[in-house]
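The structure appears below as C-alpha cells.
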Amino acid sequence: QMQLVESGGGLVQAGGSLRLSCAASGRTFTNYAMAWFRQAPGKEREFVAAISWSGGSTEYADSVKGRFAISRDNAKNTVYLQMNKLRPEDTRVYYCAAKPWAIVLRTTEYDYWGQGTQVTVSS
C-alpha cells in the first residue's frame, strides 16, 4: 500500500506563496499519476491539480490556473504544489492523492490519500 504524507502548509498573507510537498512510499511512485485536492468544512473535496506519471501532462482547476503549479521529482518520490498569489478563498485543507497511470479529475478515482495539510490565507 502506498503512503502519502503532506507538508508545507501554514499561515500566509494574501498575495503570498507556499510550497506544499507530498512524500510517497510503499509502491512504485513513477507509474502513478498524482493530484492535489482541497476541502473546506461541510464541503465536498474538490480537485486542484494533477500531474501524469511522466510529469509531461498537467491539469488545473480553473480557480487556480496561472497561480498554482504542480510538479514532481520521481527520484525523491515527491510531488509539489507551488501556490502563488494566494487568496483568502484558498484557505482549505490540502490533500495529495495517487492512482495508477492516467490522470483523472474525480476524487473517487484515487486510491491513496495523505492526511492533509492546512493552508490558511489571511486578508
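Here are a few things to note about the model shown:
- For the chain, alpha-carbon Rg over 2.2 N^0.38 Å: 0.97
- With all protein chains in place and a 1.4 Å probe, the accessible surface of the chain carries 46 percent carbon and sulfur.
- Take the stretch 1-67 with all the other protein chains still there, run a 1.4 Å probe, and you get 52 Å² of accessible area per residue.
- Within the stretch 1-35: backbone nitrogen closer than 18 Å to the S122 label point (7 Å, Cα to C-beta): 9-19
- Distance cut-off 11 Å, percentage of C-alpha pairs in the stretch 77-117 lying past it: 73 percent
- Of all lysines in the structure, the ones whose alpha carbon falls short of 23 Å from that of K76, not counting any fewer than 8 places away in one chain, are K99.
The values are calculated or read from the model by the stated rules, or taken from the named source; none is laboratory data. In this text the structure is predicted, and so the values were computed from the model without any measurement. Neighbour counts run over all protein chains shown; Cβ positions are idealised from the backbone, glycine included. For accessibility, only protein heavy atoms count, side chains too; no ligands or nucleic acids. Shrake-Rupley method; radii C 1.70, N 1.55, O 1.52, S 1.80 Å.
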